[in-house]
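K.L.:
If you scroll down you'll find the structure; I have some questions about it.
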Amino acid sequence: MVAVSGIFSNAALAEKADHWSIIHAGTLMADARKKVTSAQSIIVKNGKIYDIRAGYISPSDLPNVKNANIIDLKDQFVMAGMIDSHTHVTGQMAPHSREQAVTTTNSEYALIGSVYARRILNAGFTTIRNVGGPREAVFALRNSIRKGQILGPRIVAGGLTISPLGGHGDNNGFRPDVFGKPHSGICNGADDCRRAVRDQIKYGADMIKYVATGGVLSKIATGTGQQFTDAEQAAIVQSAHAMGRKVAAHAHGKGGIDAALRAGVDSIEHGSFLDKGSIKLFKKTGAYLVPTLLAGATVVDIATNKPGFFMPEVAAKAKAVGPIMAHALYAAYKAGVKIAFGTDSGVSVHGINGQELVLMVKAGMQAKDVLISATVSAADLLDRTATIGTLEKGKSADIIAVSGNPLKDISTLLHPTFVMVRGVVAVE
């Protein structure tokens, strides 16, 4: 009995042993708003940043640390893991998407999502905000990653998209008997919209996403103008905020954008037809714009070069909306609207999320501001500044590296050479 007791005691001690890593960073951008530094050591303890020190230290420089994993990034540019504020991780647009919608189970969506999540992580994105998808699948994926059961980016998850009956977030374009009763995010009238929001929160939503306007990919010719009434939008936002959840509004048309901003949303997704009046509302409310240029470029390319991929009503919307999204971003950026990085990954292929960075620079943003949008600003939008967005003592060890300087050539971020998430190395 004594021997067995000793074995269990030793096992318990082993489980509690601290895990240390020391990253030797040749060039370090700890905060995208500040100047980079050279020859720094990032000390990681149990998944969090223990300290950042000048020079290249060894385990012997730390008290009571005998063993530490030394990670040599002396010839690399090191920075905080990036954040994608607009993803749909459980699916990916494909010619057979309509078939998948009626044949794929929630369990399958969760497994599919685990594959896509890893691709996104490998691309340097250590946190994502998933703004709509099969609820049970997304929450299960988020929870498994959080528990360390599978490796993937941290997920801030919305539940089902809140949509009016027949609107962009509804299942449309199918025979009525295929889907039957509308899902719990479908609502009509202010009181019913409050119910829909509370239903998502009850089952685990970290945030709420609703459709203020029509959308490009909904398989019905309802345009991209305002769909929810002003009163319905106000009810959605008020209900979510009352329960401590931020709100993202999918919005293309100006009327819906402005109504969502007046309602007090925390972010506008896409913002394609915003104008000077919209920009004034952005500045007044402090809402973020999440531009999703990659989605726009993707649908234009498909509509132009792949006849028959989209239904005619979808192709027409793609050609009308996609080309103007970069102009909207530039106008908002020049006016000082807050920008948070987001791709709409799932419309585009998962794992190429970094291409949004290149498109944002092409649209007229400075590389430094693009990096701020993908780290500091996105962390603020997700209400996670205490954990992610910069490399500081006490924050999560979400760290990436590239071989070039993204401040000079943003495209170097398309190929991360090192990715660490919550202290675990995913790419090296």
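The values are calculated or read from the model by the stated rules, or taken from the named source; none is laboratory data. If you're wondering where the values come from, they're calculated on a predicted model, not measured in any experiment. Here Cβ is always computed from backbone atoms with ideal geometry, including for glycine, and neighbour counts include all displayed protein chains.
K.L.:
Has region 86-103 got any residue that is crowded, with 24+ Cβ neighbours inside 10 Å, assigned by TED's automatic domain parsing to the domain that holds ASP206, touching a helix residue (DSSP H, G or I) at 6+ places or on another chain (Cβ under 6 Å) and not in a helix (DSSP H, G or I)?
P.N.:
Within region 86-103 (the criterion being crowded, with 24+ Cβ neighbours inside 10 Å, assigned by TED's automatic domain parsing to the domain that holds ASP206, touching a helix residue (DSSP H, G or I) at 6+ places or on another chain (Cβ under 6 Å) and not in a helix (DSSP H, G or I)), the answer is yes, since at least one residue qualifies.
K.L.:
What residue, among those in region 104-147 that are in contact with a helix residue (DSSP H, G or I) (Cβ under 7 Å, 6 or more places away or on another chain) and of a type in the set (S, T, N, Q), is surrounded by the fewest Cβ atoms within 10 Å (Cβ to Cβ)?
P.N.:
ASN106
K.L.:
Residue under question is VAL347, and the condition is that it be at pLDDT below 95 and in the same structural domain as LYS246 (by TED's automatic domain parsing); does it hold?
P.N.:
Taking the combined requirement at face value, the residue satisfies it.
K.L.:
Hey, another quick one. Would you check which residues across region 189-209 are in contact with a Cys (Cβ under 8 Å, 6 or more places away or on another chain) and crowded, with 24+ Cβ neighbours inside 10 Å and list them?
P.N.:
Once the filter is applied, which keeps residues that are in contact with a Cys (Cβ under 8 Å, 6 or more places away or on another chain) and crowded, with 24+ Cβ neighbours inside 10 Å, region 189-209 yields CYS193, ALA196.
K.L.:
Hey, another quick one. Quick check, is ALA32 touching a helix residue (DSSP H, G or I) at 6+ places or on another chain (Cβ under 6 Å), farther than 30 Å from ALA137 by Cα and at pLDDT 95 or above?
P.N.:
yes
K.L.:
Name the helices (runs of 4 or more DSSP H) wholly inside region 270-344 in which the number of residues that are of a type in the set (Val, Ile, Thr) is 2 or more.
P.N.:
So the answer is 276-285, 293-305, 312-321.
K.L.:
Only one of (1) surrounded by 23 or more Cβ atoms within 10 Å (Cβ to Cβ); (2) out of contact with any Asp or Glu (no Cβ under 9 Å at 6 or more places or on another chain); (3) among the hydrophobic types (A, V, I, L, M, F, W, C) is not met by ALA303, so which one is it?
P.N.:
So the condition that ALA303 fails would be (1).
K.L.:
Looking at region 103-128, I want the residues that are without any contact (Cβ under 8 Å) to a residue 40 or more places away in the chain and have a partner that is surrounded by fewer than 21 Cβ atoms within 10 Å (Cβ to Cβ) and of a type in the set (Asp, Glu) with Cβ atoms under 8 Å, at least 6 apart or on another chain. Which pairs are those?
P.N.:
Once the first residue is without any contact (Cβ under 8 Å) to a residue 40 or more places away in the chain and sits in region 103-128, its partners that are surrounded by fewer than 21 Cβ atoms within 10 Å (Cβ to Cβ) and of a type in the set (Asp, Glu) give ASN106/GLU136; ALA110/GLU136.
K.L.:
Pairs, please: C-beta under 7 Å, at least 6 apart or cross-chain, first residue not assigned by TED's automatic domain parsing to the domain that holds VAL211 and in region 268-287, second at pLDDT 95 or above and of a type in the set (Asp, Glu)?
P.N.:
If the second residue must be at pLDDT 95 or above and of a type in the set (Asp, Glu), no pairs are left.
K.L.:
Given the conditions (1) buried (at least 19 other Cβ atoms within 10 Å of the Cβ); (2) at pLDDT below 95; (3) among the aromatic types (Phe, Trp, Tyr), and given that TYR50 satisfies all but one, which numbered condition is not satisfied?
P.N.:
Single failed check for TYR50: (2).
K.L.:
Which one is modelled with the lowest pLDDT, of the residues in region 210-257 that are of a type in the set (A, V, I, L, M, F, W, C) and more than 17 Å from VAL131 (Cβ to Cβ)?
P.N.:
Top of the filtered list is ALA221.
K.L.:
Also, I was wondering about something else. Please state which one of THR292, THR304, THR285 is out of contact with any strand residue (DSSP E or B) (no Cβ under 7 Å at 6 or more places or on another chain) and at pLDDT 95 or above.
P.N.:
THR285
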